[in-house]
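Okay, structure first, notes after.
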Amino acid sequence: MRGWRWKREARLAGWLGVLALFILLLPVPAHGTLRTLHLDLDARQFEFTPPRFEVAQGDEVVIRLSASDVVHGFYLDDYGIERRVVPGVVEEIRFTADRAGKFRFRCSVSCGPMHPFMIGELVVTPNLPFFKAAGFVVLALGLLLAHRWRHLSAALSPQAEPVQGDR
Amino acid sequence: MTVARYDLLRRALWLGRVLRSRLLQPALMLVTLVVFTLAIVTGLFGTPAGSRNFGIVFVWIVWWALLIVVLVPLFGRVWCMMCPIPAPGEWLQRRAIVRRNPGRPRTLRKRWPRRLKNMWLQNIGFLGVALFSGVILTRPSVSAVVLLAFPLIALGLSLLYENRVFCRYVCPVGGFIGLYAMMAPLELRTRDCSTCRLHRTKDCVAGNAQGYGCPWMVYPGNLDRNTYCGMCMECFKTCPKDNITLNLRPFGADLFVSKSHRLDEAYKAFIMLGCALLYSAVFLGPWGWLKSWASLESLPNWLLYAAGLLAIVLALIPGLFRLCAALSDRLAGHRAGSRFVTYAYTLVPLGLAAWIAFSLGFVFVNGSYALSVISDPFGWGWNLFGTAHMPWTPFAPQLLSFLQVGVLTGGLLFAASMTVRFAGDGMVDARRALVAGLPVIAFQLVMTLAFLWLYLG
Ligand code: SF4
Ligand code: SF4
Ligand SMILES: [Cu+2]
């Protein structure tokens, strides 16, 4: 029995792998608008204002970063941008949002107890990584249920002959 | 349902020797006790900046990640073998550390109340810590006081009650370790239960010259889940029939032992899943007001936060789940009682996956603090190993979301296939069983998507 069942589960895992690869490699047309976006971002214990903002992929983003209480920092995941900001001195951060997805920016200068959790979110739309992930989860679940639908009926119903050796 | 098992000790005889050694547990405990003491001392006397304090960084980043990402999912309760918290109490009770002291343990020999022989105290304890986590995780002195309270409570209980009453019924960490240890592919079991039945003296329970009777008040001969065996390895030493072993087995095998399904454990599953969701929102989300409420900056706001947390974890999530389970029962035509409690065990893989995803999100980013803190544990400007000035460097953020999606998907698929199996239990028509499972599976999917949205959306 066991060998047979394992083979079945392995096949399912194989299909899941194919699905993951397919979704991962799904080509999506990149579009290059040439917008320049200006944004004021304020850092204070222990939040950024605005806490979350969206730009379109390809946008040129100009952030005017200020600190309103103590020294803070700005570290943008994946973009490798880091800046220190002193109260009273506005920092200008300029980059092209060439990668889509949600990127957290974090305070990078120890500023008090909740410092490690001082986080904001930059969403570069369309947020394909999220949609792909959600799609993958739903399809993977569908695949699992379809697989069970095909195989379990035979194993459980008494009318059907017990599948060879599956006891 | 029997599953494939592989007896690890058949070939690896050296492993058996190690596990039978009386030195093993005290040696491990001594190491963790040193680190634990250092965490308390640095917490009390070191810098108040959490990310520069050994106590905060080593307990809430290094230990936590090790526990929930590696130890529990792969080795079950193995942490409990080396945990320093019960050590002082246990050693005092035995009046011995390494050797087997032949006398009876010194305690007042009170009886633990029957009504408390379950996980409810651990549920309450975990919620208590969770409510204050915004403070405990960020303020070294508070963290140290909490850490110090644990062994003191354990010590107090060990004066009153024999054995590891603290671990088994009180420790807030022990509760979820026990719950999630059911997922581990490693188990301590007897080789042959008929040997146990025929063995009159039951040395594993009574103890003998080689070791103590099971300190976790478990009878190894009946062991069919990892939940309450603390892997202390005493039964390896006491069993004269060489009947105890470690097995490799499929992930999550214990979850199907349905005769053991209980409401207190089901609630542990709800609490853990709910807290993973809330922690992800509070600590990894962008909402500053939520963080300030959680960190007790003003009492009224914190009370609101506490009420909200308790309502979500104890009422909303179990309530919604109950609704889905009732729908599943209706679809399946189960008449003999609700399967609510049984279905709740499908939240074990889901919750563990969520905790792993959350912890990765935290550890990848802040793990580098460990390097600087090890050179300057108090934050006093020391530089013991030359790493004190290592800058904060988040590790591989690109990799993180892939791991999170993978782990969450794995948890969901495991939960869904458990659901199909539970629904089909006692049913003739398997396709109908699958359909009946759908409401519960829908709940699992919605939870998974919620985590996904918090992390990537
Ligand atoms: S001592 Fe060994 S053989 Fe005897 S009851 Fe315990 S586990 Fe079974
Ligand atoms: S069953 Fe054995 S290893 Fe587990 S707690 Fe009891 S004595 Fe220790
Ligand atoms: Cu800051």
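The values are calculated or read from the model by the stated rules, or taken from the named source; none is laboratory data. Treat the numbers as computed from the prediction; the structure is a model and nothing was measured. Every residue, glycine as well, gets a Cβ built from its backbone with ideal geometry; the counts of neighbours run over all protein chains shown. To get the accessible areas, we keep the full protein, side chains included, count just its heavy atoms, and leave off ligands, DNA and RNA. Shrake-Rupley method; radii C 1.70, N 1.55, O 1.52, S 1.80 Å.
Restrict the check to segment B:76-87 and report whether at least one residue is open to solvent by less than 20 Å² (accessible area, probe 1.4 Å), within 21 Å of A:SER110 (Cβ to Cβ), at pLDDT 95 or above and not aliphatic (A, V, I, L, M).
No, segment B:76-87 contains no residue that is open to solvent by less than 20 Å² (accessible area, probe 1.4 Å), within 21 Å of A:SER110 (Cβ to Cβ), at pLDDT 95 or above and not aliphatic (A, V, I, L, M).
Give the residue, chosen from B:CYS214, B:CYS196, B:CYS167, that is buried (at least 17 other Cβ atoms within 10 Å of the Cβ) and either closer than 16 Å to B:ASN118 by Cβ or among the β-branched types (Val, Ile, Thr) (or both).
Details: B:CYS214 fails: either closer than 16 Å to B:ASN118 by Cβ or among the β-branched types (Val, Ile, Thr) (or both); B:CYS196 fails: either closer than 16 Å to B:ASN118 by Cβ or among the β-branched types (Val, Ile, Thr) (or both).
Being buried (at least 17 other Cβ atoms within 10 Å of the Cβ) and either closer than 16 Å to B:ASN118 by Cβ or among the β-branched types (Val, Ile, Thr) (or both) holds for just one of B:CYS214, B:CYS196, B:CYS167, which is B:CYS167.
Anything in segment B:102-133 that is of a type in the set (A, V, I, L, M) and open to solvent by 50 Å² or more (accessible area, probe 1.4 Å)? List them, or say none. Don't jump to the end; show me each part of the working.
Filtering segment B:102-133 down to residues of a type in the set (A, V, I, L, M) leaves B:108, B:116, B:119, B:121, B:124, B:127, B:129-131.
Matches in segment B:102-133: B:LEU108, B:LEU116, B:LEU121, B:ILE124.
When segment B:365-412 is examined, which residues are found to be aromatic (Phe, Trp, Tyr), surrounded by fewer than 16 Cβ atoms within 10 Å (Cβ to Cβ) and within 30 Å of B:SER141 (Cβ to Cβ)?
Initially, segment B:365-412 is screened for residues aromatic (Phe, Trp, Tyr), giving B:369, B:378, B:380, B:382, B:385, B:392, B:395, B:402.
Next, from what is left, pick out any that are surrounded by fewer than 16 Cβ atoms within 10 Å (Cβ to Cβ): B:380, B:382, B:385, B:395, B:402.
Result: B:TRP380, B:TRP382, B:PHE385, B:PHE395.
With B:ARG225, B:ARG200 as the choices, which residue is more than 9 Å from ligand 2 (Cβ to nearest atom), free of Cβ contacts under 8 Å to residues at least 24 places away in the same chain and among the basic types (Lys, Arg)?
Values: B:ARG225 fails: free of Cβ contacts under 8 Å to residues at least 24 places away in the same chain.
Answer to the check: B:ARG200.
Being in a helix (DSSP H, G or I) and open to solvent by less than 20 Å² (accessible area, probe 1.4 Å) is the filter; apply it to segment B:136-150 and report the residue that is nearest to B:ALA49 (Cα to Cα). First the steps, then the outcome.
Start the filter on segment B:136-150 by keeping residues that are in a helix (DSSP H, G or I), which leaves B:136, B:140-150.
Still in the list and also open to solvent by less than 20 Å² (accessible area, probe 1.4 Å): B:136, B:140, B:143-144, B:147.
On the way: B:ILE136: 12, B:PRO140: 7, B:SER143: 12, B:ALA144: 13, B:LEU147: 17 Å.
Residue satisfying both the conditions and the ranking: B:PRO140.
Only one of these is within 16 Å of ligand 3 (Cβ to nearest atom), among the hydrophobic types (A, V, I, L, M, F, W, C), under 21 Å from the mean Cα position of the chain (by Cα) and open to solvent by less than 20 Å² (accessible area, probe 1.4 Å): B:PHE270, B:PHE283. Name it. Talk me through it step by step, then tell me what you get.
On the way: B:PHE270 fails: within 16 Å of ligand 3 (Cβ to nearest atom).
When all the criteria are applied, what remains is B:PHE283.
Can you say whether A:VAL55 is touching a strand residue (DSSP E or B) at 6+ places or on another chain (Cβ under 8 Å), more than 16 Å from ligand 3 (Cβ to nearest atom) and away from every other protein chain (no Cβ under 14 Å), as far as the supplied structure shows? Talk me through it step by step, then tell me what you get.
Details: touching a strand residue (DSSP E or B) at 6+ places or on another chain (Cβ under 8 Å): yes; more than 16 Å from ligand 3 (Cβ to nearest atom): yes; away from every other protein chain (no Cβ under 14 Å): yes.
Taking the combined requirement at face value, the residue satisfies it.
Kindly indicate whether B:VAL129 is in contact with a Ser or Thr (Cβ under 7 Å, 6 or more places away or on another chain) and closer than 30 Å to B:LEU299 by Cβ.
Working: in contact with a Ser or Thr (Cβ under 7 Å, 6 or more places away or on another chain): no; closer than 30 Å to B:LEU299 by Cβ: yes.
So B:VAL129 fails the test.
For segment B:389-420, give me the residue count where each residue is more than 30 Å from B:ILE61 (Cα to Cα) and either among the β-branched types (Val, Ile, Thr) or facing chain A (nearest Cβ under 9 Å) (or both). Give the derivation first.
In the first step, residues of segment B:389-420 are kept if they are more than 30 Å from B:ILE61 (Cα to Cα); the result is B:416-420.
Still in the list and also either among the β-branched types (Val, Ile, Thr) or facing chain A (nearest Cβ under 9 Å) (or both): B:416-417, B:419-420.
Within segment B:389-420, residues that are more than 30 Å from B:ILE61 (Cα to Cα) and either among the β-branched types (Val, Ile, Thr) or facing chain A (nearest Cβ under 9 Å) (or both) number 4.
Output the residue which, of all residues in segment B:245-302 that are in a helix (DSSP H, G or I) and out of contact with any helix residue (DSSP H, G or I) (no Cβ under 9 Å at 6 or more places or on another chain), is modelled with the lowest pLDDT.
Within segment B:245-302, the subset in a helix (DSSP H, G or I) is B:253-256, B:258-260, B:263-284, B:288-294, B:299-302.
From the residues that got through so far, the ones that are out of contact with any helix residue (DSSP H, G or I) (no Cβ under 9 Å at 6 or more places or on another chain) too are B:253, B:259, B:288, B:299-300.
On the way: B:ALA253: 96, B:LYS259: 89, B:GLY288: 95, B:LEU299: 96, B:PRO300: 97.
Out of the qualifying residues, it is B:LYS259.
Considering only helices (runs of 4 or more DSSP H) fully contained in segment B:7-125, which possess at least 2 residues that are away from chain A (no Cβ under 14 Å) and of a type in the set (Ser, Thr, Tyr)? Before you say what the answer is, go through the steps one by one.
On the way: elements: B:13-20, B:24-45, B:72-75, B:78-82, B:87-94.
In segment B:7-125, the matching helices (runs of 4 or more DSSP H) lie at B:24-45.
So A:GLY88 ticks every box in (1) open to solvent by 40 Å² or more (accessible area, probe 1.4 Å); (2) touching a residue at least 24 places away in the same chain (Cβ under 8 Å); (3) within 16 Å of ligand 3 (Cβ to nearest atom) but one. Which box is left unticked?
Unmet for A:GLY88, out of (1) open to solvent by 40 Å² or more (accessible area, probe 1.4 Å); (2) touching a residue at least 24 places away in the same chain (Cβ under 8 Å); (3) within 16 Å of ligand 3 (Cβ to nearest atom): (2).
Residue by residue through segment B:420-457, note down the ones that are open to solvent by 30 Å² or more (accessible area, probe 1.4 Å), more than 28 Å from B:ALA357 (Cα to Cα) and part of a helix (DSSP H, G or I). Working first, answer last.
Residues of segment B:420-457 that are open to solvent by 30 Å² or more (accessible area, probe 1.4 Å), as a first pass: B:421, B:425-426, B:428-429, B:431-432, B:435, B:438, B:442, B:445-446, B:449-450, B:453.
Narrowing the set further to residues that are more than 28 Å from B:ALA357 (Cα to Cα) leaves B:425-426, B:428-429, B:431-432, B:435.
Result: B:ARG431, B:ARG432, B:VAL435.
Residues that are without any contact (Cβ under 8 Å) to a residue 60 or more places away in the chain, away from chain B (no Cβ under 14 Å) and open to solvent by less than 20 Å² (accessible area, probe 1.4 Å): does segment A:24-41 have at least one? Before you say what the answer is, go through the steps one by one.
In the first step, residues of segment A:24-41 are kept if they are without any contact (Cβ under 8 Å) to a residue 60 or more places away in the chain; the result is A:25, A:27, A:29-40.
With the extra rule that they be away from chain B (no Cβ under 14 Å), the set shrinks to A:27, A:29-40.
With the extra rule that they be open to solvent by less than 20 Å² (accessible area, probe 1.4 Å), the set shrinks to none.
No, every residue in segment A:24-41 fails to be without any contact (Cβ under 8 Å) to a residue 60 or more places away in the chain, away from chain B (no Cβ under 14 Å) and open to solvent by less than 20 Å² (accessible area, probe 1.4 Å).
Condition test on B:ARG99, is it basic (Lys, Arg) and open to solvent by less than 30 Å² (accessible area, probe 1.4 Å)? Please lay out each step first, then the result.
Values: basic (Lys, Arg): yes; open to solvent by less than 30 Å² (accessible area, probe 1.4 Å): no.
No, not satisfied.
State which residue is nearest to B:ILE68 (Cα to Cα) when the search covers only segment B:377-388 and only residues that are away from every other protein chain (no Cβ under 13 Å) and in contact (Cβ under 8 Å) with a residue 24 or more places away in the chain. Before the answer, list the steps.
As a first pass, look at segment B:377-388 and keep what is away from every other protein chain (no Cβ under 13 Å): B:377-378, B:380-388.
Now narrow it down to the ones that are in contact (Cβ under 8 Å) with a residue 24 or more places away in the chain: B:377-378, B:380.
On the way: B:PRO377: 24, B:PHE378: 26, B:TRP380: 31 Å.
Per the stated criteria, the residue is B:PRO377.
Quick one: B:LYS259 ticks every box in (1) farther than 27 Å from B:ARG115 by Cβ; (2) outside the structural domain of B:PRO84 (by TED's automatic domain parsing) except a single one, so which number is it?
(1)
Restricting attention to segment A:104-112, does a residue exist that is without any contact (Cβ under 8 Å) to a residue 12 or more places away in the chain, on the phi < 0 side of the Ramachandran plot, in contact with a helix residue (DSSP H, G or I) (Cβ under 7 Å, 6 or more places away or on another chain) and open to solvent by 30 Å² or more (accessible area, probe 1.4 Å)?
Taking segment A:104-112 and keeping what is without any contact (Cβ under 8 Å) to a residue 12 or more places away in the chain, we get A:110.
Still in the running and on the phi < 0 side of the Ramachandran plot: A:110.
Filter once more, keeping what is in contact with a helix residue (DSSP H, G or I) (Cβ under 7 Å, 6 or more places away or on another chain): A:110.
The next check asks that each one be open to solvent by 30 Å² or more (accessible area, probe 1.4 Å); those that pass are A:110.
Within segment A:104-112, one or more residues are without any contact (Cβ under 8 Å) to a residue 12 or more places away in the chain, on the phi < 0 side of the Ramachandran plot, in contact with a helix residue (DSSP H, G or I) (Cβ under 7 Å, 6 or more places away or on another chain) and open to solvent by 30 Å² or more (accessible area, probe 1.4 Å).
So how many residues does segment A:42-59 have that are open to solvent by 50 Å² or more (accessible area, probe 1.4 Å) and within 15 Å of A:ALA100 (Cβ to Cβ)?
Counting residues in segment A:42-59 that are open to solvent by 50 Å² or more (accessible area, probe 1.4 Å) and within 15 Å of A:ALA100 (Cβ to Cβ) gives 1.
Please return the ranges of helices (runs of 4 or more DSSP H) entirely within segment B:330-398 where 3 or more residues are within 30 Å of B:THR227 (Cβ to Cβ). Walk me through how you get there before you give the answer.
Values: elements: B:340-344, B:347-366, B:369-375.
Counting at least 3 such residues, we get B:340-344, B:347-366.
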